[in-house]
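Only one structure is covered here, and it is reproduced in the block below.
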Amino acid sequence: MPQKAQFLLQLAQAAARVETRQQAALPQVAVNVWDTLTGSHAPPLQQQPGSGSRAQHKEEQQRSVAASAAASDRLSSGLGLLHISKSLAGQDAAPHHYPAHLLAQAHLAGSHWGQHPHLTGSIAADTAALYDTSSHTQHQQQLAGLPRHPAAALPGLSGGLGPLQSCLPLRPAAPGLGSLDANNRSGSSGSLGPGGMRKPRYNNSISLNKQIMNTHSARELHTIVRSKGAGFDFFNISSAIARVPKLVGPAGGVQNDSTAKALVDDLASLMASNINTFDARGLANSAWAFGKLKYAPNQKLPQLIAAAAITKMDAFSAQNLSNLLWSFVYLHHRDEALMAAVAKKVVSKVTEFKPQELANVVWAFASMDHYEPHLMDVVGARALALVDQFKEQELSNVVWAFAKLHHYEQGLFAHLLAAVKAKLPHFLPQGVSNIAWALATAGHRDEPLFEQLLAHCLSDIGSYDVQGLSNLLWACATLGHRDPTFLQAVLQECTARIERMSSQNLSNALWACAALGHADSRMLGTWAEAVLHKLDMFEPQGLSNTAWAFAKLGFSSPVLFEALAEAALGKLDAFTAQGLSNTAWAYATMGHYHPALVQQLAEQVARQVSAFNAQNCSMSAWAFATLRHYHPALFDALLEQLAAQLPAGVEPQNIANSLWAFARAGHPLGVHTEPLVAAAKALLPQMNQQELCNTAWALGVLGQLDRDTWQQFCNCLRNVQGLTPEGVHQAFHAQLMLHSQLAREAGVPLAPLPAEQLPTLPEPLHSHAHYMWLTSAVDVHISKLQADVSAALLVAGIPNSMEWLTDDGLFSIDIAFQVDGQPVAVEVDGSHHYTNSTPHIPLSEVLVRRRLLQDRGWKVVNIGYLDWEMLPDDQQTKAAALLQLVASELGPNTNWQQWVESPNDGGIRMPAFTWGDPLTSSIWGPAGGQA
């Protein structure tokens, strides 16, 4: 082959990595090759035209012909190549000038050099690889830098407060394969010959590689793999794997093409069988191809690649490391040992990393949530050194990665963001949204830059994909940046492209709307329909955020919340502590009780309670109390976890809502009474009006409201107009409970206590609250159950009146009569006075009302809806059974024969009342939990 000598000279030149300085200049290593081939010393520098004699030219030509013949003989025998290898190893890059006609004569050299018995395997492989022009081309591409691919974001991961913070940045430019050249093939295998020596089969390997690279379809390549795969070495396997992405097209093509899938499965099997023969570049390139395809038959192959890579870590170049990590992100394989080894290697050779390689590495660590503080410090320092060299995409990836891993250093961010500002006009839309996301995640406030980002979006909003738009909305909400113009424009754009929005896009955008308080009923209706259509694709955190957002925005849709509940049932074990508490809060806020969901939420809360912070505890307790779902073990666990966090400090709202919840459920505080009550008293000055009223009401129910606490509470209520009607009602109810408690502590009836001994709300709040209480009492509704019980008592011979007022006119008795001179109050309690969970037990409001009526001189009998349902159906029998039930409550000494008839209406003589119409009362809970 006449070109062989020329290729050998090119090999020498490439090995020395030196460009020719003049047209006829070659590295000294090439000179050594020439000398070895020709058996002569380097010819003298070519004379300029016109110099020297004709005889000298003729003599020189004769020597050149002889040298060419000698070179051909040496190439034929292969003996000279041993010396060539030594020359290559020397890497002497000194240039030497050869006459052009002598260089041309090198084309005459060569014949069957690859088969000589003295030819070493490595030299043969090196020389053979030189003939693979595709390999040479790949090498040139590698030297030119990694190619850039269109931007695309990865599917998201969960984390942190608020919505899914998983908007991964622009995909790193797909790493180049590098060259599958001589350096890649030193480990190629062959069959064992005599004495255990491997017989080289490199000619066959090169031939196979040419066939692989010349394929034009997955079917064609699969045919070669099926027929000749048994003879593949790692070079062939790696080449075939790298060829697949070019044959099957975009990611996802493998899953949609049975032939391509079978091809990749077979190649994965071949790679697994030969994994120990792969070198660092082969491992990186193969992993890159699988990452490009976003497909691996199973997780065994990534595990094998990771294990092999760890053993060969010292041989990985910066580009190899970048390719390897990049691929593992797309293979969704997180190997802690590999990540640790790579981190150590990156730290040791960080100065060798180019901007894109550095960006890809840190992006991969962030994408796989692997945090190595020392690595990030070293990479941060290197990034500062290269900051002016980063391209826009690389810059956004680096900023995103540092934010994602919460490795925030203000000085570093300031320098990186200064570079962002300088290059912002050239940023792609996804780069803009990634920078905004990073600012929000890191909590780095740079209003001028953030406004520039939003302006960039508005100027070309049609170029932004829906993920970028939803990320920008999320960033605005997280930073509390409310720009109505931007918000309206982005929401209109998202609504117009609603069918393109993924489940994560929908949940993030909805969360942002709720956090910013943007409620548009028409938009919410459209988005609710989109959620219902894509419900099966929602991740656990997306479900939680979506339910929270619709509840926060007050969008009532039983169909939507029922569907969200059904979708969440099979995924609750993957909910975070915040996800569980947000979901419970959402259903409590909307008053939507889904028995199966609430029960499973309670079970998951009990399992994960050790991971709950104070906010999670208070939100969950408030939600379960509001939904009337009570189990002592659940509330014990929440109480224990909340009390454990008191030393570190708990927010006023969390204390207020937790106390309200424990009080509403009637759950005793036990050993935690003193620290919780002390914390509440200490935080009263920091509470808003609603929190104050919730706390005072709860302490009253729990019997922990004393004069000093009441006085402190009253001092904090300075703004009457700031109180909601519910708050005013709670405050007055707390006053009534305090009066009863003081009377009981004094051991005297409530009525005779002088007014000056009963502290009240400050004026004019007291008068306002008293009037509101009395006014609300006249608006009563007699339920069917109440009427049925009254009728049954009449059948049993007990005259009675419904909605009769107490002496002070503050309470309206459901059913009142008098027995043996004693006024009797029959309180008829419907299902809303009991827990929804089983066993159905009365809520604290029942017990508090009973206590307040007793302190006013009434005997109280509670008839619950379950008691009524258990009575016989026959009217007479039911009346008799009801009378027996009432008698058992009043006690055995009651004289039922001593009825005192009223002279006016033939009924019983009731106590005298000072005024008017029947009253009733109710207990108000907090207006809502916390977001």
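The values are calculated or read from the model by the stated rules, or taken from the named source; none is laboratory data. Nothing here was measured: the structure is a model prediction, and the numbers come from that model. As a convention, Cβ positions derive from the backbone with ideal geometry for all residues, glycine included, and neighbour counts pool all protein chains shown. Areas reflect the complete protein model, heavy atoms only, side chains present, ligands, DNA and RNA absent. Shrake-Rupley method; radii C 1.70, N 1.55, O 1.52, S 1.80 Å.
Okay, here's what the table says:
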{"item": "Options LEU683, LEU676: the member that is part of a helix (DSSP H, G or I) and open to solvent by less than 10 Å² (accessible area, probe 1.4 Å)", "result": "LEU676"}
{"item": "Test: residue in region 232-242 that is open to solvent by 20 Å² or more (accessible area, probe 1.4 Å) and at pLDDT 90 or above", "result": "no"}
{"item": "ASP807 vs. criteria closer than 19 Å to GLU827 by Cα, touching a Pro at 6+ places or on another chain (Cβ under 8 Å), assigned to a loop (DSSP other than H, G, I, E, B) and acidic (Asp, Glu)", "result": "yes"}
{"item": "Any chance MET537 is hydrophobic (A, V, I, L, M, F, W, C), more than 22 Å from PHE575 (Cβ to Cβ) and touching a helix residue (DSSP H, G or I) at 6+ places or on another chain (Cβ under 8 Å)", "result": "no"}
{"item": "Residue within region 697-709 that is of a type in the set (S, T, N, Q), in contact with a helix residue (DSSP H, G or I) (Cβ under 8 Å, 6 or more places away or on another chain) and more than 29 Å from THR583 (Cβ to Cβ) present", "result": "yes"}
{"item": "Within region 825-859, tally of residues that are surrounded by 20 or more Cβ atoms within 10 Å (Cβ to Cβ), more than 15 Å from LEU736 (Cα to Cα) and of a type in the set (Val, Ile, Thr)", "result": "3"}
{"item": "One residue from TYR371, TYR408, TYR330 being within 29 Å of PRO297 (Cα to Cα) and at pLDDT below 95", "result": "TYR330"}
{"item": "Cβ-Cβ under 6 Å pairs, at least 6 apart or on other chains, region 677-693 side of a type in the set (D, E, K, R), far side open to solvent by less than 20 Å² (accessible area, probe 1.4 Å) and not in a loop (DSSP other than H, G, I, E, B)", "result": "LYS681/THR709; GLU691/PRO652; GLU691/ALA656"}
{"item": "Residue in region 329-360 that is surrounded by the fewest Cβ atoms within 10 Å (Cβ to Cβ), counting only those that are of a type in the set (D, E, K, R) and part of a loop (DSSP other than H, G, I, E, B)", "result": "LYS349"}
{"item": "Count of region 610-627 residues which are more than 15 Å from GLN600 (Cα to Cα) and either without any contact (Cβ under 8 Å) to a residue 12 or more places away in the chain or in a loop (DSSP other than H, G, I, E, B) (or both)", "result": "2"}
{"item": "Selection from region 707-751 of residues that are among the β-branched types (Val, Ile, Thr), in contact (Cβ under 8 Å) with a residue 40 or more places away in the chain and not in a helix (DSSP H, G or I)", "result": "THR724"}
{"item": "Matching entry among ARG856, ARG851 (being touching a residue at least 12 places away in the same chain (Cβ under 8 Å) and part of a helix (DSSP H, G or I))", "result": "ARG851"}
{"item": "Test: residue in region 385-396 that is at pLDDT 95 or above, under 22 Å from the mean Cα position of the chain (by Cα) and crowded, with 24+ Cβ neighbours inside 10 Å", "result": "yes"}
{"item": "Set ARG522, ARG500, ARG482: member being touching an Asp or Glu at 6+ places or on another chain (Cβ under 9 Å) and either surrounded by fewer than 21 Cβ atoms within 10 Å (Cβ to Cβ) or of a type in the set (Lys, Arg) (or both)", "result": "ARG500"}
{"item": "Within region 399-448, considering residues that are of a type in the set (Ser, Thr, Tyr) and assigned to a helix (DSSP H, G or I), the one least open to solvent (accessible area, probe 1.4 Å)", "result": "SER433"}
{"item": "Any hit, region 567-587, residues being assigned to a helix (DSSP H, G or I), within 22 Å of the chain's Cα centre (by Cα) and charged (D, E, K, R)", "result": "yes"}
{"item": "Criterion (of a type in the set (S, T, N, Q) and modelled with pLDDT of 95 or more) met by exactly one of GLN704, GLN757", "result": "GLN704"}
{"item": "Filter pass, THR546 being within 21 Å of ASN616 (Cβ to Cβ), in contact (Cβ under 8 Å) with a residue 24 or more places away in the chain, of a type in the set (Ser, Thr, Tyr) and open to solvent by less than 30 Å² (accessible area, probe 1.4 Å)", "result": "yes"}
{"item": "Count of region 277-307 residues which are touching a Phe, Trp or Tyr at 6+ places or on another chain (Cβ under 6 Å) and open to solvent by 10 Å² or more (accessible area, probe 1.4 Å)", "result": "3"}
{"item": "Test result for THR695, among the β-branched types (Val, Ile, Thr), surrounded by 13 or more Cβ atoms within 10 Å (Cβ to Cβ) and either out of contact with any Leu (no Cβ under 9 Å at 6 or more places or on another chain) or outside any helix (DSSP H, G or I) (or both)", "result": "no"}
{"item": "Residue identified as aliphatic (A, V, I, L, M) and under 28 Å from THR215 (Cβ atoms) among ALA296, ALA337, ALA318", "result": "ALA296"}
{"item": "Options LEU793, LEU774; residue that is more than 26 Å from ALA696 (Cα to Cα), open to solvent by less than 40 Å² (accessible area, probe 1.4 Å) and in a helix (DSSP H, G or I)", "result": "LEU793"}
{"item": "Residue satisfying condition, being surrounded by fewer than 18 Cβ atoms within 10 Å (Cβ to Cβ) and either among the hydroxyl-bearing types (Ser, Thr, Tyr) or in a helix (DSSP H, G or I) (or both), within set ASP873, ASP867", "result": "ASP867"}
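Residue-wise test of (1) at pLDDT 95 or above; (2) buried (at least 23 other Cβ atoms within 10 Å of the Cβ); (3) in contact with a Lys or Arg (Cβ under 9 Å, 6 or more places away or on another chain); (4) of a type in the set (Asp, Glu).
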position: LEU532; (1), (2), (3), (4): yes, no, no, no
position: GLY542; (1), (2), (3), (4): yes, yes, no, no
position: GLY579; (1), (2), (3), (4): yes, yes, no, no
position: THR626; (1), (2), (3), (4): yes, yes, yes, no
position: ALA637; (1), (2), (3), (4): yes, no, no, no
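A quick yes/no check of all residues on (1) farther than 21 Å from SER348 by Cβ; (2) touching a Ser or Thr at 6+ places or on another chain (Cβ under 7 Å):
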{"position": "ASP266", "(1), (2)": "yes, no"}
{"position": "SER273", "(1), (2)": "yes, no"}
{"position": "THR277", "(1), (2)": "yes, yes"}
{"position": "ARG281", "(1), (2)": "no, no"}
{"position": "ILE310", "(1), (2)": "no, no"}
{"position": "MET313", "(1), (2)": "no, no"}
{"position": "LEU321", "(1), (2)": "no, no"}
{"position": "SER327", "(1), (2)": "yes, no"}
